[in-house]
Structure formats: structure tokens, C-alpha cells
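Visitor: Dropping the structure in here first, questions after.
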Amino acid sequence: MRGGTVIDGVSSHRARRDVRIVDGTIAEVADALDADGCRVVDAGGLWVMPGFVDAHSHADAAALTGEGMQERALAGVTTEIVGQDGLGLPFSAGAAWPVMADTLPPIAGRLPGSAGYRDVAEYLAAVDRGAYARVATHVPHGTVRAAVLGSDLRAAAPDEMDAMRELLVRGVAQGAVGVSTGLSYAPALAADTSELIDVLRGLPTGTPYVTHLRDYAAGFAEAVDEAVSVCRSTGLSLHLSHFHVSGPGRAGTAGAYLPGLSDAEATWDTYPYTSGCTFLRSILPARAATLTAQELEASLSTAGFGAALAAEIDAAGPGPTVAGGWESIHLVGLGDSDAARWESRTVADIAADTGSGAGAIVVRALEATRGAACLIVDHGHLENVRALTGAEGHLVGSDGIMGSGQPHPRVTNAFFRFLAWARADAVPVSIEEMVARMTARTAARFRLPLGAIGMGLPADVLVMDPDAVEPGPEFGHRTPSAVVHSFIAGAPVVVDGRWRGDARRGLAVRASEKRK
């Protein structure tokens with residue numbers, strides 16, 4: 001790659017350099033290298049940087065099937081860290097399979113196979129047989145809980161906690177980069193703090209504890225305290241997933257949380273949007289949240305069930321996963337279902353137009369899509385997003401929902417929006433520092449041996465047009481055009497802006513032994 005401006009993911013400056021790749025490895029970074037028989041990529045006027053390491057990816061299935069991976073490649077992502085929010089494919093075989101086979105598709109897309117994976121080793125072996133990006137995974141606590149307790153929403157017995165602990169320890173030993181929780185999602189929401197501490201105690205000190213908090217609404221502050229407490233009690237290292245301080249009355253308050261997180265040596269990932277996205281079933285009352293789509297469909301055909309569920313939703317409100325009311329919750333991922341006319345509209349607007357309650361609208365959308373609908377909630381505050389971005393513990397994660405038609409632009413444009421903010425001085429972070437948070441610093445946080453432009457490192461490299469780096473829209477689909485060339489292990493993934501579409505072998509990434 002000749003004549004590009006190298007931003008290496010490590011240093012605080014950029015410089016014009018040539019980069020030579022040989023046999024999947026960066027062999028030289030210097031001025032005016034001779035071609036020596038190499039294919040030459042003209043990078044004049046372009047940025048050359050490491051491929052993005054997504055700290056919060058939901059490409060668990062897509063990385064294996066290829067579904068949606070063209071746009072992930074055009075997003076510049078070369079490494080997907082999956083198994084997020086306590087939900088994932090490792091340990092999804094057996095008793096966990098009915099739960100994960102039903103929960104994951106709206107988030108991660110079409111699942112490969114019909115039996116799940118027995119552990120982290122089996123999942124990563126599947127990645128090594130053929131994948132569309134590098135993949136690292138957490139041990140998903142919710143999947144582990146489902147493997148032991150199925151969909152039961154009850155406290156675990158001592159022998160069940162022993163069984164969960166054994167699976168968590170096994171997963172980390174097999175190369176998982178951390179343990180993730182999704183404490184507002186079934187089935188993990190039934191695990192109280194003491195149970196969490198008990199099952200996590202056997203893990204090596206410093207293992208990343210990567211948590212989707214128990215409550216982003218009324219109990220947000222207590223949920224942050226719980227995460228800090230869990231790590232202090234277990235010796236684990238705190239990382240907050242898609243961290244945001246959202247909801248009514250919280251504008252401008254993100255800075256109040258930063259001293260405590262600094263004291264806890266915490267890190268967090270964010271996406272550069274005030275709106276969030278998740279699956280619609282996540283706001284159902286607990287008793288319905290554990291039903292599979294087939295069970296929910298069967299129950300809704302029973303006289304009175306739908307009306308009773310709607311009334312329960314109306315009484316409870318949207319729940320702890322989102323921090324906004326019905327006026328901020330947009331229905332998305334409705335496809336060509338009978339509810340397609342409601343796409344992108346808020347529940348409150350639809351309810352007003354139809355004369356129905358919010359609960360009835362939610363039930364109807366789930367019924368029409370057989371449980372696959374998603375939501376976008378506009379609950380955030382830009383000043384909070386930027387305050388968290390400006391702090392030292394910040395890393396970049398897209399939290400891109402791969403199923404349901406990729407309804408949020410963060411799937412493809414999160415990294416470019418952050419770069420556009422850095423270039424425009426919208427956040428107190430330089431372009432070089434922002435690149436580090438997207439690459440080498442994320443890789444180091446999760447003990448991955450990649451993420452920088454340097455001799456001897458894996459040749460995961462982007463050649464990018466800086467003039468095409470744009471913040472993009474807050475809502476709606478977005479296909480970026482900034483990536484001119486992309487390489488994973490030296491093999492071309494994007495050439496002249498076009499995706500090659502090849503699955504490759506040997507792309508599983510396992511955590512190194514070094515811990516924080």
C-alpha cells in the first residue's frame with residue numbers, strides 16, 4: 001500500500017508511509033518501499049489504518065452465514081466481538097437451544113444449523129472452518145443459564161450454580177475474551193446479584209465482565225452500582241456494554257458517573273447515536289418474555305391471552321431495557337407482515353390513530369411478525385453520548401442488530417460517525433485517538449493479538465477515503481462508501497469499494513493469557 005497516510009492505531013500522530021504485507025502479516029512500514037514483486041495498491045490521498053475491532057457486535061450468526069456481511073465489510077469491521085448481552089451461540093446446544101434459536105435471529109440473523117454449539121471451542125471451530133470476518137466471543141451468561149435451567153425464571157439451586165460456574169470457566173479456558181451478561185433479558189433477569197457473584201467466582205482474576213445492565217430506566221444508578229459491586233466481589237474487570245445515560249431528567253448527567261467508573265478502572269463501549277435498538281419482545285413482562293415465538297403465537301390464539309398480556313404491558317410500561325416511554329419507541333423490522341404499515345412509527349402515534357392501548361399495539365406487532373419485530377427507542381441525550389466518548393475508558397462498539405433488516409444505521413456507520421465527530425472537533429478526541437479506540441485499544445482490552453499497523457502483526461488493514469467519512473443519519477439504513485480496500489490476514493475483502501464475498505478459514509481469535 002503505497003503513499004497513504006498511516007494512522008497506526010497506537011501512536012498519536014499520522015505520517016505518509018508505505019505498508020508491505022507478506023503472507024498475511026505486515027512485513028514493513030517505511031518510506032518509499034520497493035515493490036519487490038508485490039501487488040501495489042495506490043493509497044495516495046487515502047488513510048491506511050487497522051481494520052476496526054467492534055467491541056460490541058451481534059454478528060454471531062452472520063459472520064458464519066454471510067448474511068449482511070457485505071455491509072459490515074463496507075463498515076470497515078474486520079473483527080467481530082460477539083456473544084454480547086449474555087446471548088450467543090456458545091453453549092447453545094441442548095436445553096439452551098429452544099431459547100437461543102428463538103431469541104437470537106432478530107438480533108444476529110439467520111442461525112447456522114439447527115442444534116447449537118456445545119461450548120466456546122465448538123463455536124470457534126466453526127468460525128475456523130469458514131467465516132466472513134475474524135470472530136472473538138464472550139461466554140454468554142444468559143445462554144449458560146439456559147443450558148442449565150432452560151427458560152425457568154427462578155433462583156438457581158446450589159448444584160445449578162456449580163454447573164453454570166463450570167461452563168463459564170470452561171468457556172474462558174477455551175479462549176473466550178470475557179463473560180457477558182444481559183440482566184434485563186430473559187432468562188438472565190432471574191439471576192440476582194448474589195447468584196451472579198457465586199457463578200463468577202471461579203473465573204481468573206481480571207477476566208472482563210461485560211454487562212448489559214439490569215435497568216436503564218428508573219433503576220439505572222443502582223444497576224451501575226451492582227456492576228461495580230460484582231467486579232469488586234469477584235476480581236473481574238468491568239466493561240459496560242453500549243453504555244448510555246438516557247431517559248427523562250438525565251440530560252447532562254453522564255459526567256456524574258465518570259469518577260466512580262474511573263475508581264473501578266472500568267471501560268465501556270458506546271455508539272454515537274441517541275437512539276437505541278433491540279428486539280420488541282425484550283419489553284414484554286417476564287412471564288411472556290421467556291416464551292418462544294411458537295409458544296407466544298400459540299398463546300395468542302388462546303381466548304383472552306392477548307388482551308390480558310396487552311393489559312399487563314399497559315400497566316407495567318416499557319420496562320427496564322429502554323429508558324423512554326411509548327412516545328419514543330418506534331416499531332421496526334416489520335417486513336412485509338400485516339403490521340408493515342406501522343414501520344418506523346411510534347407506539348404512541350399508532351395507538352392514538354387506532355384508538356388502541358400501547359399494549360395492544362405491541363401484541364399485534366409481535367403476532368404479525370411471529371415475534372421477530374424490533375424497536376428503536378429515541379431516549380438518549382447527545383451531551384451524554386459525547387461526555388462518555390470524551391472520557392478515558394471509552395471504546396467503540398456498534399451494537400448493530402443484524403436481524404430484522406438491520407433497522408438502525410449503527411450497524412454500518414457507527415465507526416465513521418465517530419471519526420466524523422473527531423474530525424469536526426465535536427468530541428475532545430483526536431482522529432488518531434479515535435482510531436486507537438476502534439482498533440488497538442479494543443484489541444488490548446480483550447486480549448486479542450491484533451489491531452495495529454506494525455511489523456509482524458496480522459495484516460487486517462483498511463484503505464479509506466477520508467472525504468467519504470460522514471456522520472450519516474440518526475435513523476434509517478446506511479451503506480457507507482469510505483472503505484476503498486480492506487484486507488483480513490492479507491487477503492482482500494473489499495477491492496475498489498466492492499465486497500469480494502469470500503468466506504475464509506482460520507479467522508477465530510482466542511484471548512491471549514495476559515489480563516488487565
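Visitor: Under 18 Å from a point placed 7 Å out from the Cα of Ala340 along the Cα-to-Cβ direction: which residues of region 466-482 have their backbone N that close?
Guide: 477
Visitor: For volume of the Cα convex hull per residue in Å³, the choices are (i) 130; (ii) 145; (iii) 154; which was calculated from the structure?
Guide: This structure yields the entry labelled (i).
Visitor: Turning to a different aspect of this structure: Considering amide H positions built from the backbone, and no H for Pro or chain starts, which residues 5 or more places from Val135, or on another chain, come under 5 Å of its amide H?
Guide: Here Glu80, Ala508, Val509 satisfy the definition.
Visitor: Rg to Rh ratio, region 121-162, alpha-carbon atoms and Kirkwood radius?
Guide: Values: Rg = 14.4 Å, Rh = 12.5 Å.
Ratio of gyration radius to Kirkwood radius for region 121-162: 1.15.
Visitor: Here is a follow-up. If I histogram all Cα-Cα distances within region 59-145 using bins 10 Å wide from 0, what percent of pairs lands in each bin?
Guide: That works out to 19, 57, 22, 2, in percent per bin.
Visitor: Mind giving me the nanometre distance, one decimal, between the label points for Glu297 and Arg498, set 7 Å out from Cα along Cα→Cβ?
Guide: 4.0 nm
Visitor: Another one. Sort largest first and round to whole Å: the equivalent ellipsoid semi-axes of region 216-314, each the square root of five times a Cα gyration tensor eigenvalue.
Guide: Working: eigenvalues 243, 54, 30 Å².
Ellipsoid half-lengths, sorted descending, are 35, 16, 12 Å.
Visitor: Considering the Cα positions of region 115-224, please state its Rg to one decimal place and its Dmax as a whole number of Å.
Guide: Considering region 115-224 through its Cα atoms, Rg and Dmax are 14.4, 45 Å.
Visitor: 5 Å is the cut-off here: which amide hydrogens, built 1.01 Å from N in the peptide plane, fall below it relative to Ser237, excluding neighbours closer than 5 in sequence?
Guide: Gly206, Thr207, Tyr209
Visitor: For region 366-436, compute the orientation-averaged projected area of the C-alpha convex hull (one quarter of its surface), in nm².
Guide: 5.6 nm²
Visitor: To continue, here is another question. What is the gain in length, in nm to one decimal, between Ser11 and Ala157 on full extension, counting 0.36 nm per residue of separation less the C-alpha to C-alpha distance?
Guide: Working: separation 146, 0.36 × 146 = 52.56 nm, distance 5.01 nm.
Gain on extension, Ser11 to Ala157, equals 47.5 nm.
Visitor: Now, a different point. Give, to the nearest whole percent, the P(r) tail of region 1-114 beyond 18 angstrom, counting all Cα pairs.
Guide: Values: 3951 of 6441 pairs.
Within region 1-114, distances greater than 18 Å cover 61 percent of Cα pairs.
Visitor: Roughly how compact is region 156-218, stated as its Cα Rg over 2.2 N^0.38 Å to two decimals? Provide the component values of the computation, followed by the final result.
Guide: Details: Rg = 11.9 Å, N = 63, 2.2 N^0.38 = 10.6 Å.
Computed over Cα atoms of region 156-218, the ratio equals 1.12.
Visitor: Given labels modelled 7 Å from the Cα in the Cβ direction, how far is it in nm from His477 to Asp225?
Guide: The answer from the label model is 4.5 nm.
Visitor: While we're looking at this one, here's another question. Which of the listed residues, Leu280, Gly490, Ala391, is farthest toward the dipole's positive end in the chain, when Lys, Arg count +1 and Asp, Glu count -1 at the beta-carbon?
Guide: Gly490
Visitor: If I model a spin label as a point 7 Å beyond the Cα along the Cα-Cβ vector, how far apart are those points for Ala424 and Leu382 in nm?
Guide: According to this spin-label approximation, the distance is 0.8 nm.
Visitor: What's the FRET efficiency of Asp353 with Asp467 using the Cβ-Cβ distance as r and R₀ = 41 Å, to the nearest 0.05? Kindly include the intermediate steps, with their values, before the conclusion.
Guide: Details: r = 43 Å, r/R0 = 1.05.
Efficiency for this residue pair is about 0.45.
Visitor: Beyond 19 Å, what percent of the Cα pairs of region 230-283 remain?
Guide: On the way: 596 of 1431 pairs.
Counting pairs separated by more than 19 Å, the tail of P(r) holds 42 percent.
Visitor: Another question, then. List the GluC sites (Glu not before Pro) within region 232-340 that DSSP assigns to loop and that have no more than 14 neighbouring Cβ atoms inside 10 Å.
Guide: On the way: sites: Glu265, Glu295, Glu297, Glu312, Glu327; in loops: Glu265.
Hits after loop and neighbour filter: Glu265.
Visitor: A further question follows. Across region 81-121, what fraction of all alpha-carbon pairs, as a whole percent, falls in each successive 5 Å bin from zero upward?
Guide: 6, 25, 39, 25, 5
Visitor: Based on the Kirkwood radius over alpha-carbon pairs, what is the Stokes-Einstein translational diffusion coefficient of region 440-486 at 37 °C with 0.692 mPa s viscosity, in µm²/s?
Guide: Details: Rh = 13.0 Å.
For these conditions, the coefficient is 252 µm²/s.
Visitor: If you take the Cα atoms of region 357-515, find Rg, then find the Kirkwood Rh from the mean of 1/r over all pairs, what is Rg/Rh? Don't skip to the end; give the middle numbers.
Guide: Details: Rg = 18.4 Å, Rh = 18.2 Å.
That ratio is 1.01, to two decimals.
Visitor: Against the 2.2 N^0.38 Å scaling, with N counting residues, where does region 149-300 land? I'd like the Cα-based Rg ratio to two decimal places. Before the final figure, lay out the partial values.
Guide: On the way: Rg = 16.5 Å, N = 152, 2.2 N^0.38 = 14.8 Å.
That ratio works out to 1.11.
Visitor: Could I ask something else about it? Tell me, in nm to one decimal, what length is gained between Asp263 and Asp128 on full extension, where the rule is 0.36 nm per residue of separation less the Cα-Cα distance? Kindly include the intermediate steps, with their values, before the conclusion.
Guide: Numbers: separation 135, 0.36 × 135 = 48.60 nm, distance 3.88 nm.
Length difference between fully extended and current span is 44.7 nm.
Every number in this text was worked out from the coordinates using simple rules, so none of it is lab data. All of these numbers come straight from a predicted model, not from anything done at the bench. Methodologically, a virtual Cβ is constructed for each residue, glycine included, from the backbone with ideal geometry; neighbour enumeration extends over all protein chains shown.
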